[in-house]
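The values are calculated or read from the model by the stated rules, or taken from the named source; none is laboratory data. Please read all numbers here as calculations on a predicted model, not as lab measurements. Note: ideal-geometry Cβ built from the backbone for every residue, glycine included; neighbour counts use all protein chains shown.
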Amino acid sequence: MDHEWVVTVVDSAGAAVSGAQVALVPSSALTALEWPFASIAATHTHQADGRYEALAPLTPTEGKWTLLVRAPGKSPVVQPLLLKAKTKTEFVTSPSPRTAATLAFASEIKTSGTTEGIRCTRFNVTLYPSAEFVFITGTEYEGKGTSFRIFAQNYRDGLRKEKTLDAGTAVTLFSTDSRSRETCVPAVGGEWLEVGVFRFGDATGIKAGSKHSPVPGSDVSVVHLYQYLSDIGAADPGRVKEVGIFSHSWPGGPILFNTADTSTGPARDPDDFDAREKDFDPVNRVNWPHLKDAMSPTGSWHVWGCSATTHYMNLVREAYKHKAAGEDQHFLVNTTYMNHRVPPEKTRTIAERTTRQRVRAFMDTRFRSNTYMAAAASYLGLDVFGAPPGVGSNFGVTMYIDTKTYASVYAYFTQEFKPEFAPTHSTYDKGYVNYRLLATRAAPVAAPFSSEYYRFEQEFTPGGGKSTLLFANNRRVTLAGATGISFKVTPKKGFATAGKAGHLYELHDASDSKKSRAVYVQEDARTFLVDKDSLGKFTVLGKEVP
């Protein structure tokens with residue numbers, strides 16, 4: 001029996017498409033290639049009215065085949081097929097395992113001069129404007145059982161329910177747990193059809209939600225995401241509608257494996273798998289030169305993880321609490337960090353004496369710079385959503401932020417940064433803010449210098465740690481060790497210059513008083529070393545610190 005496969009191609013408005021590339025090939029021809037299989041040559045040619053017929057008779061063989069339909073500016077249609085022998089000479093073609101939502105098919109036997117007739121399979125393909133969503137999911141490096149790919153998949157399903165993506169939109173997922181990049185498209189019946197998989201390495205033995213150490217050449221890095229986007233930017237500019245990073249995170253960037261950046265310069269550490277603020281700097285952008293081009297002009301990035309720096313949260317909460325005291329009234333903010341051991345141990349403490357004006361200016365810089373979201377927004381010129389400073393994300397059907405948990409934090413930011421501070425509030429996206437929009441605000445007035453401002457930070461490590469006292473003029477005093485180190489502050493007037501006020505700061509080492517240090521910070525920002533008198537008291541004004 002003879003066979004023919006006829007493909008009719010229209011666009012999403014129903015108009016015939018004459019400039020498509022149509023190929024029907026054994027799936028084995030795609031084994032060494034990556035989606036969307038652009039190098040596969042056409043097997044069909046356009047006849048009329050969007051109808052494509054084979055250039056030469058195709059010889060059917062039982063097994064897996066693939067229909068490929070591509071056209072400039074359109075999302076490719078990739079439909080896996082199964083050819084099964086019905087008789088010794090007749091093969092039946094059917095979509096398998098699912099039918100793409102962009103495809104309809106029918107099969108019939110046309111009568112001819114032969115007794116067997118012709119088995120004719122007809123495909124009706126609809127091409128939609130080029131569109132892709134690209135997600136990457138991190139590992140649960142704390143080993144708590146969280147599978148981040150579930151959140152990405154649920155969000156993908158939500159986009160489809162809300163009709164944010166159409167029947168032709170591809171969704172690509174980089175999975176660190178699976179060591180893979182997987183591309184799927186909407187299928188008939190609300191399902192998804194996998195149309196492309198690339199394996200970075202063997203994932204045997206890796207359990208989702210558990211920690212595994214990344215291996216160069218086998219594991220997914222954020223660099224793979226950037227390079228994939230750059231390739232799209234070179235081949236099909238503007239295709240990507242949204243980039244989503246589902247993982248643990250901190251202000252400096254999403255955390256895929258919790259690797260370290262041991263580089264001493266601006267270039268990325270080649271052994272670092274996590275995202276960094278500096279990824280958008282020129283020295284690193286040369287490695288993904290077309291990343292920006294991949295994005296749709298209305299596209300966006302979304303960092304779904306935390307920005308939960310505890311001290312930032314405490315600063316904001318105290319600033320909100322002290323509104324009635326005025327903008328320049330100082331208040332003390334204390335933060336203690338503990339590890340996750342049993343029993344927990346203190347790892348770091350911060351005591352910061354600051355003002356509402358200073359907190360506002362500090363938080364403003366977090367939206368403009370010094371965070372991954374701000375760096376991405378500045379480079380891309382697109383909406384970049386992330387958690388506000390000091391805020392953690394939660395796990396539900398998707399990742400989200402419980403704004404009730406951070407009620408005073410959101411109240412502060414709304415009070416100080418509205419209307420640009422406008423948290424997302426939809427079924428599948430709650431509590432995140434747009435860093436690009438927040439960076440368009442007029443910068444707040446910088447806080448004036450005050451000798452009363454200080455930040456006393458102690459780091460507790462098995463080796464002893466260190467204690468650092470920082471002032472508003474960026475002068476600092478540091479002592480080795482943390483345990484047994486205390487500090488004292490005393491207001492003074494005329495201590496260095498007649499009529500001028502300031503503050504005397506003393507750092508005391510209980511184990512060795514000879515290591516104790518003191519400085520005097522004057523209201524005009526001049527800073528002096530202070531020495532001990534014969535009684536061991538810090539009363540002797542020393543040289544000025546340049």
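List of remarks:
- Residue count for region 370-427, restricted to those that are part of a loop (DSSP other than H, G, I, E, B) and of a type outside the set (A, V, I, L, M): 22.
- Residue in region 258-293 that is surrounded by the most Cβ atoms within 10 Å (Cβ to Cβ), counting only those that are of a type in the set (A, V, I, L, M) and farther than 23 Å from residue 232 by Cβ: 267
- Any chance residue 521 is surrounded by 16 or more Cβ atoms within 10 Å (Cβ to Cβ) and over 41 Å from the mean Cα position of the chain (by Cα): yes
- Pairs are defined by a Cβ separation below 6 Å, a sequence spacing of at least 6 or placement on different chains, a first member in region 155-174 that is farther than 13 Å from residue 134 by Cα, and a second member that is not aliphatic (A, V, I, L, M); the pairs so defined are 158/428; 166/128; 167/102; 167/186; 168/75; 168/102; 168/128.
- Only one of 13, 42 that is farther than 20 Å from residue 197 by Cα, surrounded by fewer than 16 Cβ atoms within 10 Å (Cβ to Cβ), among the hydrophobic types (A, V, I, L, M, F, W, C) and modelled with pLDDT of 95 or more: 13
- All conditions but one from (1) more than 13 Å from residue 316 (Cβ to Cβ); (2) surrounded by 15 or more Cβ atoms within 10 Å (Cβ to Cβ) apply to residue 358; the one that does not is (1).
- Within region 138-147, tally of residues that are in contact with a Gly (Cβ under 9 Å, 6 or more places away or on another chain) and within 20 Å of residue 272 (Cα to Cα): 4
- Within region 415-448, considering residues that are exposed (fewer than 15 other Cβ atoms within 10 Å of the Cβ) and more than 23 Å from the chain's Cα centre (by Cα), the one farthest from residue 472 (Cα to Cα): 419
- Residues in region 457-481 that are part of a strand (DSSP E or B) and aliphatic (A, V, I, L, M) were compared, and the one that is farthest from residue 515 (Cα to Cα) is 470.
Condition check ((1) surrounded by fewer than 18 Cβ atoms within 10 Å (Cβ to Cβ); (2) out of contact with any Pro (no Cβ under 7 Å at 6 or more places or on another chain); (3) charged (D, E, K, R)) across all residues:
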position: 129; (1), (2), (3): yes, yes, no
position: 132; (1), (2), (3): no, yes, yes
position: 138; (1), (2), (3): no, no, no
position: 143; (1), (2), (3): yes, yes, no
position: 148; (1), (2), (3): no, yes, no
position: 154; (1), (2), (3): yes, yes, no
position: 162; (1), (2), (3): yes, yes, yes
position: 166; (1), (2), (3): yes, yes, yes
position: 171; (1), (2), (3): no, yes, no
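- Selection from region 300-348 of residues that are crowded, with 19+ Cβ neighbours inside 10 Å, of a type in the set (Gly, Ala, Ser) and farther than 24 Å from residue 140 by Cα: 300, 319
- Among the residues of region 366-394, those that are hydroxyl-bearing (Ser, Thr, Tyr) and either crowded, with 16+ Cβ neighbours inside 10 Å or within 19 Å of residue 424 (Cα to Cα) (or both) comprise 371, 372, 379, 393.
- Residue check, residue 316 within 30 Å of residue 397 (Cα to Cα) and among the β-branched types (Val, Ile, Thr): yes
- Every residue from region 16-29 that is over 25 Å from residue 90 (Cα atoms) and surrounded by 16 or more Cβ atoms within 10 Å (Cβ to Cβ): 17, 20, 21
- Residue within region 324-333 that is farther than 22 Å from residue 471 by Cβ, under 25 Å from the mean Cα position of the chain (by Cα) and not assigned by TED's automatic domain parsing to the domain that holds residue 507 present: no
- Each residue in region 212-248 was checked for being touching a helix residue (DSSP H, G or I) at 6+ places or on another chain (Cβ under 8 Å) and of a type in the set (Gly, Ala, Ser), and 6 of them qualify.
- Test: residue in region 154-169 that is among the β-branched types (Val, Ile, Thr) and under 30 Å from the mean Cα position of the chain (by Cα): yes
- Residue check, residue 500 farther than 23 Å from residue 351 by Cβ and surrounded by fewer than 15 Cβ atoms within 10 Å (Cβ to Cβ): no
Every residue, every condition in (1) surrounded by fewer than 22 Cβ atoms within 10 Å (Cβ to Cβ); (2) in a loop (DSSP other than H, G, I, E, B), yes or no:
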{"residue": "203", "(1), (2)": "yes, yes"}
{"residue": "230", "(1), (2)": "yes, no"}
{"residue": "234", "(1), (2)": "yes, no"}
{"residue": "245", "(1), (2)": "no, no"}
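- Options 498, 525: the member that is assigned to a loop (DSSP other than H, G, I, E, B), more than 17 Å from residue 457 (Cα to Cα) and free of Cβ contacts under 8 Å to residues at least 12 places away in the same chain: 498
- Of all residues in region 415-467, those being within 30 Å of residue 378 (Cα to Cα), without any contact (Cβ under 8 Å) to a residue 60 or more places away in the chain and basic (Lys, Arg) number 3.
- Only one entry in 337, 312 is among the hydroxyl-bearing types (Ser, Thr, Tyr) and not in a strand (DSSP E or B), namely 312.
- Qualifying residue in region 161-169 (condition: at pLDDT 95 or above and under 30 Å from residue 340 (Cα atoms)): no
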